[in-house]
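Novice: Attaching a single structure in structure tokens format; questions to follow.
The values are calculated or read from the model by the stated rules, or taken from the named source; none is laboratory data. Keep in mind that this is a model prediction, so the values were computed, not measured. Note: ideal-geometry Cβ built from the backbone for every residue, glycine included; neighbour counts use all protein chains shown.
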Amino acid sequence: MTIQTSLGRRGFLVSGAAVAGGFSLGFHLPFEGNEAQAQAVKELNAWVVIHPDDKVVIRIARSEMGQGTLTGLCQLVAEELDCDWSKVTWEYPTPGENLKRNRVWRNFSTGGSRGIRESQQYVREGGATAREMLIAAAAKQWNVPAAECSAANSIITHKASGKTVTYGAVAAAASALEPPKEVKLKDPKDWKIAGKPLKRLDTVEKVTGQQMYGMDYTMPGLLNATVRACPVIGGKLKDFDAGKAEKMPGVKKIFAIDGNAVVVVADTYWQAKTALDAVVTNWDIGDLGKVSTATINAMLKEGLDAKEAFVGNKAGDAQKAIEGAAKKVEAVYSFPYQHHVTMEPMNATARYTADKCEVWCGTQNGEAALAAASEAAGLPVSQCEVYKLMLGGGFGRRGRSDYVRQAVLAAKQMPGTPIKLIWSREEDMTHCQYHPTTMAKLTAGLDAQGNLVGLQIRLSGQSILASLLPQNLVNGMDPIAFQGLMQSGVEAAYGYDIPNLMIDHAMRNPHITAGFWRGVNVNQNAVYMECFMDELAAAAGQDPLAFRLKYLKPKWAAVLKAACDKAGYGKPLPEGRFHGISQVMGYGSYVAGVAEVSVSKDGQLKIHKITAATNPGHVVNPAQIDRQVAGSFVYGLSAALYGEITVKDGAVEQTNFDSYNVMRIDEMPDVETVLVPTHDFWGGVGEPTIAVAAPAVLNAIAKATGKRVRNLPLMNNDLKKGA
Amino acid sequence: MAVLNVNGKAVDYTADPNTPLLWVLREQLGLTGTKYGCGIAQCGSCTVHIDGAPVRSCSVPVNSVGDKKILTIEALAANGVLNKIQKAWVELDVPQCGYCQSGMVMAATALLAAKPNPTDADIDEAMTNICRCGTYQQVRAAIHAAAKA
């Protein structure tokens, strides 16, 4: 079988003098050469392989992209396996192998903060099953009942006789046994490996330059390629002139793919890029050239008052309640397009022959990449394979396989030659599936005592499903548009109990492709809801926390109170500093944030601290949750401060970090994470807290300046006094 | 054929003289620990040391380097022993996806060489590298930890 593996972290040696000599140095080639080893040592089951030297190899189907899922999943397997954590290493099974084995590793898709919460049950069962088989093998060897044996730390003990044996010594015998039909999983309160703040399994490689990403992959005979697709998404290639480029050094071939892009293949990327710059392209963009941010905004504004809309959440009669209310409050908010900007631009290596197509790449969805390779190659899936490499960031972007398709189409032009197709940052910035742009009109009624009697939220804007997965629309409606505002469910339910409520969505879809962006629609829905709650609290003359607590359901309220308690909300702050709060439920977890900010007289914002509480149900690795929460604020606050993709003449205007700014270390607030797990469900942690960053900061800004920012990003708003 | 002084050795390479040092390191010399992130000296993923100073190698034409000493992430751990910054990075579990971390480690190593006890303001000034996973809090803590080590 074909298996990819990581560098074993124990016994890691920095390869010396990885300088002179070329491509063979400084690389770790996965799966090649490991095949023989994998065959020699028989697996206990799909998840666990134990070598004679006690090394434990845990197979991870989800993709590691920085979020720590591989360490967390290894902890869960190791916990049930009762193995020695110091002996644990990991490897990726391939998507092709998964299909051949009737999807024994189940879902490879890595997004929606699902990695751990949706696979925890079956990976734990994999660990527990392997443990039972190891114990059974030892018991058989000793001729004692298995029930008299116990396992801990990779050692099986028969207490009565005092006999012990290591996992490695009985693994071969155990692999020949029938697996038990049922296993009992541990009570999380008895966990020794899971639930603990263990270190990541993939760190040393990343601080020594040894970690190989898709961008770093090579093999003998590999050529490099780069691509320029029509700058207007949906436009076509009319014609191109490569006369000059063809003669440039190193250039092997220049051709069009998919009728919308030109590819240059050369010895090196730099040669390919330089030659591509010399290719003259003519595009057919039709009426798309008339689209701009202004026309898109006009389209969304129209949706705010449109008659037709999809109803996502409804209770009582909101309109009637608001009409009869003592006080009416209304506000309109907007949220622009965002780009993921993974640090590693899109890339993939493909090798095509008449009967086989192979792809090496970072992907959040190995099986989707495999399907894309099959389709582009025109070969059955069984003749294709994808070898997953480490991702230099995903954030939803690498859940799509457009770059895989392009690499395969390029490789098809040169059968037998491996082609590494690399997108320049500029190509990456202008050809994304962007976080959708939306607007919201919120209207509420307060009674004479300042109670919220009715609330209407009209969302207007782009649907991700309509853009990427129209088959998943429900009678035309995009349920994901209501993330964080959903009527019920375990995923992203609305936390407020309001007697009269109407939340609907006027779908307005510009031609810019929309996609899943870390946190997805929870991000802007939380901005709309949580900022408006502060506006309502102000209109009612009440404290924002007290006002929210009148309507929040218990689990939502508990996490908000935990964040506020930790942050000292309501207690005096240093001169000039203000607290803003927010809460939301997303990705199965309950989260809340308290931002502490100051705004100088000349309008300079300083975010001093964010205290964030999370109830993810069960906690698999508190140290990694800490890092995910802190990191999520960099992502969310980068968007809030600077993130804005604009459109001119149908094309995205931003091209690189100089026109699409993101947070640096000097703007990083102190982040304090508060974990308040209730141990009764499994929630995700990669995304939910992103959504509380922006509204908490905006609410604090409103307190500091009296200015209510309703249109992001913040850089377009003047926070100066009197401005 | 031309020569560069990389990680203590004279190495031959063949490339157009205007090729950025980054791509010569990655494509001619196989030193892929130095990353391509933006190509316009913004993100810092391509940071190497030239004569001890941190430089964004994506924006340095290879023919401008001459015989200056280039140090890349691959040679930071002398004889396989991680340097202070790398050790602190491992100790504090700094990297997430890790793609920016070669550049971060190179920038932090240069900072510590210049200022053995950097203040937060020194860190803000020197560490202009972009990390999209958001490891900044750990980066700051690890630099302080390395300074104390």
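Novice: Kindly establish whether A:Val591 is touching a residue at least 24 places away in the same chain (Cβ under 8 Å) and either closer than 30 Å to A:Ser119 by Cβ or in contact with an Asp or Glu (Cβ under 8 Å, 6 or more places away or on another chain) (or both).
Specialist: So A:Val591 fits the description; yes.
Novice: Report, by residue number, each residue of the stretch A:303-329 that is in contact (Cβ under 8 Å) with a residue 12 or more places away in the chain and exposed (fewer than 13 other Cβ atoms within 10 Å of the Cβ).
Specialist: Within the stretch A:303-329, A:Asp305, A:Glu308, A:Val311, A:Glu323, A:Ala326 meet the criteria.
Novice: Taking only the stretch A:172-223 into account, find how many residues are out of contact with any Cys (no Cβ under 9 Å at 6 or more places or on another chain) and aromatic (Phe, Trp, Tyr).
Specialist: 1
Novice: From the residues in the stretch A:649-670 that are more than 7 Å from chain B (Cβ to nearest Cβ) and in contact with a strand residue (DSSP E or B) (Cβ under 9 Å, 6 or more places away or on another chain), which one is surrounded by the fewest Cβ atoms within 10 Å (Cβ to Cβ)?
Specialist: Across the stretch A:649-670, the extreme among qualifying residues is A:Asp670.
Novice: Take the residues of the stretch A:189-234 that are within 11 Å of chain B (Cβ to nearest Cβ) and among the acidic types (Asp, Glu): which is farthest from A:Ser424 (Cα to Cα)?
Specialist: The extreme case among them is A:Asp202.
Novice: Taking the criterion of being among the polar types (S, T, N, Q), touching a Lys or Arg at 6+ places or on another chain (Cβ under 7 Å) and more than 14 Å from chain B (Cβ to nearest Cβ), would at least one residue in the stretch A:173-188 satisfy it?
Specialist: yes
Novice: Right, another one. Which of the strands (runs of 3 or more DSSP E) found entirely inside the stretch A:50-167 contain at least 1 residues meeting this: over 30 Å from B:Gln101 (Cα atoms)?
Specialist: Filter on the stretch A:50-167 gives A:149-152, A:155-158, A:163-166.
Novice: Please determine whether any residue of the stretch A:174-196 is under 30 Å from B:Gln101 (Cα atoms), surrounded by fewer than 22 Cβ atoms within 10 Å (Cβ to Cβ) and either over 30 Å from the mean Cα position of the chain (by Cα) or not polar (S, T, N, Q) (or both).
Specialist: yes
Here is a yes/no grid of residues against (1) closer than 19 Å to A:Asp202 by Cβ; (2) buried (at least 24 other Cβ atoms within 10 Å of the Cβ):
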site	(1), (2)
A:Ile60	yes, yes
A:Cys83	yes, yes
A:Ser86	yes, no
A:Glu97	no, no
A:Asn102	no, no
A:Asn107	no, no
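Novice: Keeping to the stretch A:333-377, report how many residues are surrounded by fewer than 22 Cβ atoms within 10 Å (Cβ to Cβ), touching a residue at least 24 places away in the same chain (Cβ under 8 Å), more than 30 Å from A:Met715 (Cα to Cα) and among the small types (Gly, Ala, Ser).
Specialist: Number satisfying all stated conditions: 3.
Novice: OK, next. Of the residues in the stretch B:6-59, how many are within 8 Å of chain A (Cβ to nearest Cβ), within 10 Å of the chain's Cα centre (by Cα) and either hydroxyl-bearing (Ser, Thr, Tyr) or not in a loop (DSSP other than H, G, I, E, B) (or both)?
Specialist: 2
Novice: While we're here: Counting only residues that are within 16 Å of the chain's Cα centre (by Cα) and away from chain A (no Cβ under 12 Å), how many does the stretch B:113-149 have?
Specialist: Qualifying residue count, the stretch B:113-149: 2.
Novice: Which residues, taken from the stretch A:156-175, are in contact (Cβ under 8 Å) with a residue 60 or more places away in the chain and either of a type in the set (A, V, I, L, M, F, W, C) or in contact with a strand residue (DSSP E or B) (Cβ under 8 Å, 6 or more places away or on another chain) (or both)?
Specialist: A:Thr166, A:Tyr167, A:Gly168, A:Ala169, A:Ala171, A:Ala172, A:Ala174 - these are the residues of the stretch A:156-175 that are in contact (Cβ under 8 Å) with a residue 60 or more places away in the chain and either of a type in the set (A, V, I, L, M, F, W, C) or in contact with a strand residue (DSSP E or B) (Cβ under 8 Å, 6 or more places away or on another chain) (or both).
Novice: Looking at A:Thr295 and the list (1) assigned to a helix (DSSP H, G or I); (2) crowded, with 20+ Cβ neighbours inside 10 Å; (3) of a type in the set (S, T, N, Q), which single condition is not satisfied?
Specialist: The single condition A:Thr295 does not satisfy is (2).
Novice: Follow-up. When you scan the stretch A:394-405, do you find a residue that is free of Cβ contacts under 8 Å to residues at least 60 places away in the same chain and part of a loop (DSSP other than H, G, I, E, B), even just one?
Specialist: Yes, some residue in the stretch A:394-405 is free of Cβ contacts under 8 Å to residues at least 60 places away in the same chain and part of a loop (DSSP other than H, G, I, E, B).
Novice: Further question on the same structure: Mind counting the residues in the stretch B:60-95 that are under 23 Å from B:Lys9 (Cα atoms) and not in a helix (DSSP H, G or I)?
Specialist: Within the stretch B:60-95, residues that are under 23 Å from B:Lys9 (Cα atoms) and not in a helix (DSSP H, G or I) number 15.
Novice: Given the conditions (1) within 25 Å of A:Thr295 (Cβ to Cβ); (2) at the interface with chain B (Cβ under 8 Å from one of its Cβ atoms), report the number of the one that A:Gly643 does not fulfil.
Specialist: Going through (1) within 25 Å of A:Thr295 (Cβ to Cβ); (2) at the interface with chain B (Cβ under 8 Å from one of its Cβ atoms) one by one, A:Gly643 breaks only (2).
Novice: Which of the following residues is on the phi > 0 side of the Ramachandran plot and among the hydroxyl-bearing types (Ser, Thr, Tyr): A:Tyr587, A:Tyr635, A:Tyr642?
Specialist: A:Tyr587
Novice: Is it the case that the stretch B:76-93 has a residue that's on the phi < 0 side of the Ramachandran plot and more than 10 Å from chain A (Cβ to nearest Cβ)?
Specialist: Yes, the stretch B:76-93 has at least one match.
Novice: Please give the strands (runs of 3 or more DSSP E) falling wholly within the stretch A:301-389 in which 3 or more residues are of a type in the set (A, V, I, L, M, F, W, C).
Specialist: A:310-315, A:327-335, A:356-361
Novice: Next question, about the same structure. Within the stretch B:96-112, take every residue that is of a type in the set (Ser, Thr, Tyr) and assigned to a helix (DSSP H, G or I) and give me the one that is farthest from the other protein chains (Cβ to nearest Cβ).
Specialist: Per the stated criteria, the residue is B:Thr109.
Novice: Also, I was wondering about something else. Quick one: which residue in A:Leu473, A:Leu446 is surrounded by fewer than 21 Cβ atoms within 10 Å (Cβ to Cβ), of a type in the set (A, V, I, L, M), assigned by TED's automatic domain parsing to the domain that holds A:Lys550 and over 30 Å from B:Glu27 (Cβ atoms)?
Specialist: A:Leu473
Novice: Something else: Tell me, please, whether a residue that is at positive phi and in contact with a Ser or Thr (Cβ under 8 Å, 6 or more places away or on another chain) can be found in the stretch A:44-54.
Specialist: Within the stretch A:44-54 (the criterion being at positive phi and in contact with a Ser or Thr (Cβ under 8 Å, 6 or more places away or on another chain)), the answer is yes, since at least one residue qualifies.
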